[in-house]
Amino acid sequence: MAPAPLPSVLLVDDEPHSLTAMKLALEDEFEIFTAPDAGAALGVLENEWIQAILCDQRMPGRTGVDFLTEVRERWPETVRMMITGYTDSTSMVAAINEAGVHQFIAKPWHPEQLLMAVRNAVKLFQLARDNERMQLEMRFLSSTSESRLEKRRRALREGMGFETILRSPNSAMNDTVAIARQYASFDIPVLLGGEAGTGKAQLARAMHYGSLRAEKPFYEFNLAGVPEELAMVELFGAKRGVLPGGVNRIGLMQKADRGTLYLAGVDEASPAMQLALLRVLTEGSITPLGGQETVGTNLRLICGSNVDLRSKVADGAFRSDLYYALSVGEIGLLPLRARRGDVAMLAQHILAEAASIHSKPVMGFEAPALEFLENYDWPGNLRELTNEVTRMLIFAQENVLGAELISRHILQAAPSEEGADRSAEEDALQANGQLKDRIELMEMRILRETLTRHRWNKSRAAAELGLSRVGLRAKLDRYGIMGPQARVEEEDD
């Protein structure tokens, strides 16, 4: 590797012996350039990268102060030093004010003194260059980090907003999302109702990222099944001495200041919790557990309930003032059975996510599989659909998931306009009618489910059911059960 170049120094003096002496003192550590006057020195500066200048004050033509003043204007980073045998205070003041001279070196100088002065000048030059470079890098990094941060925020808003609520163009959820968008832009509490698993937390998150609080934090907490004291600590925090370890605990109510807190299971809030929530909504203040002082908080509270709070208010199980404080905006989420047109899209999305998580690539569902999924009423809503799709992925042997992977109770459910029934046995046992009709209902659904599991292989289905192929065909004709291919051919005809 080639050695690093020596720092360059320019010596300017009209006396040749003085130039020679200075060069001998410095040439071991520096690359030396010499000039007898200001004109020649300017020529050197225009062609070489000079880090420090040693200039005599009294020279023919232009003085050292005059020359260094021009150097300051044209090459301000070059460190300027002056050698003088005079102590004229006026010249020294002019040298400092006009030429920005870093150091004066008096004649006669000592070689070690001269060497030390030039070393310090070169170090000063390098420090100035490093400082300038760091300032440029900091400005660049600052603008880059701000740009990256804004991109991340934009991606977060787009990735967590209303776009994440998957639905078809004509979905029954469109009106619900439109209402949520309207509420999102107004800083009011909102109460989300609906069955468990309908996506209340997702809608609350979308409302946060669609609001003016989008740049602030979003937190969620579920009161269901959480002991009262633990819930109070998690939400309102605790003062030193209340919890083991003797530390203060900051609650979500403070962490979510200027942001949003989604509180699920608000219908299970204890009387003390209800009173504390009412205080947050009406006064904007909380009291940490074990504390005496109040702490202000400016959060937006969105609550979720799986039951009808109005009925709980009527029964005296929920404070009416809290209910009306929570329900300034109220949105009811639809169950999945009321969104049959969305099931296929949701199933495909869930499958893609599950395939990524479990590193099992698949391409989607067969058409009969989607038909069965759409015809089921999904009492567990999105959670049940997620579980079913995940199980299908686990047992899939092909890259396209067929209907034979679907659970039996879904395959046995009869299709209807409103959604499928969950249990064929329950219908048959509870329905009115003759025994023969009720048995035939069960038989029809068992036939359909068995054929689907065997991918409409009639030989295998007949063997499992203990029927001959002729007997199986007769039953299929009797109940009007057709396989996917037969239905397609019938539609084409």
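The values are calculated or read from the model by the stated rules, or taken from the named source; none is laboratory data. None of the values given here were measured: they were computed from a predicted structure. Cβ: placed from backbone, ideal geometry, glycine included. Neighbour counts: every protein chain shown. Protein only, heavy atoms only, side chains kept; ligands, DNA and RNA dropped before computing areas. Shrake-Rupley method; radii C 1.70, N 1.55, O 1.52, S 1.80 Å.
Quick notes on this one:
- Under 5 Å between amide hydrogens, built in the peptide plane, is the criterion, and for residue 34 it picks out 11 among residues at least 5 positions away or on other chains.
- Pairwise label distance in nanometres, residue 250 with residue 186, each label 7 Å out on the Cα-Cβ vector: 3.2
- Per residue, segment 255-304 exposes 39 Å² of solvent-accessible protein surface, assessed with a 1.4 angstrom probe and all protein chains in place.
- Full extension of the chain segment joining residue 66 with residue 352 gains 95.3 nm, where the gain is 0.36 nm per residue of separation less the Cα-Cα distance.
- Take residue 179: with every protein chain present and a 1.4 Å probe, its accessible area is about 80 Å².
- The residues 213, 310, sorted by heavy-atom accessible surface at 1.4 Å with ligands and nucleic acids left out, run 310, 213 from largest to smallest.
- 3J(HN,Hα) along segment 179-188, derived from phi through the Karplus expression 6.51 cos²θ - 1.76 cosθ + 1.60 where θ = phi - 60°, amounts to 5, 4, 4, 5, 5, 4, 7, 10, 7, 10 Hz, with x in place of Gly and Pro.
- At R0 = 51 Å, FRET efficiency that the Cβ-Cβ distance of residue 367 and residue 179 yields, to 0.05: 0.90
- Placed amide H near residue 256: partners under 5 Å, 5+ positions off or other chain: none
- At R0 = 30 Å, FRET efficiency that the Cβ-Cβ distance of residue 293 and residue 216 yields, to 0.05: 0.80
- ³J(HN,Hα), Karplus 6.51/-1.76/1.60, whole Hz, each residue of segment 388-400, x for Gly, Pro: 5, 5, 5, 5, 4, 4, 4, 8, 5, 9, 10, 7, 10
- Annotation: amide H of residue 332 within the under-5 Å range of 193, sequence separation 5 or more or interchain, hydrogens built in the peptide plane.
- Restricted to Cα atoms, segment 273-357 shows a radius of gyration and a Dmax of 19.1, 54 angstrom.
- Ranking of 398, 404 by solvent-accessible surface, largest first: 398, 404 (1.4 Å probe, protein heavy atoms only, all chains present).
- Charging the Cβ of each Asp and Glu at -1 and of each Lys and Arg at +1, and nothing else, the dipole of segment 172-275 about its Cα centre rounds to 460 debye.
- Computed from the C-beta positions of residue 96 and residue 141 and an R0 of 41 Å, the FRET efficiency is 0.70 to the nearest 0.05.
- Solvent-accessible surface ranking, highest first, for 299, 467, 26 at 1.4 angstrom: 467, 299, 26
- Alpha-carbon centroids, segment 352-370 and segment 194-210: separation in whole Å: 25
- When a 1.4 Å probe is rolled over the protein heavy atoms, the share of accessible surface on segment 226-373 that falls to carbon and sulfur comes to 53 percent.
- In plain terms, the chain from residue 73 to residue 459 could stretch by 129.1 nm, reckoned as 0.36 nm per residue minus the Cα-Cα distance.
- Segment 1-84: GluC sites (Glu not before Pro) in DSSP loop, at most 15 other beta carbons within 10 Å: 27, 29, 48, 77
- Estimated distance in nm for a label pair at residue 49 and residue 124, the labels positioned 7 Å out from Cα along Cα-to-Cβ: 2.1
- Net charge of neighbours whose Cβ lies under 13 Å from the Cβ of residue 79, counting Lys and Arg as +1 and Asp and Glu as -1: +4
- Sequence-ordered 3J(HN,Hα) estimates for segment 309-314 from the Karplus curve with 6.51, -1.76 and 1.60 and θ = phi - 60° stand at 5, 4, 5, 5, 5, 4 Hz, glycine and proline given as x.
- Residue-count net charge about residue 228 - beta-carbon cut-off 15 Å; Lys, Arg +1, Asp, Glu -1: -4
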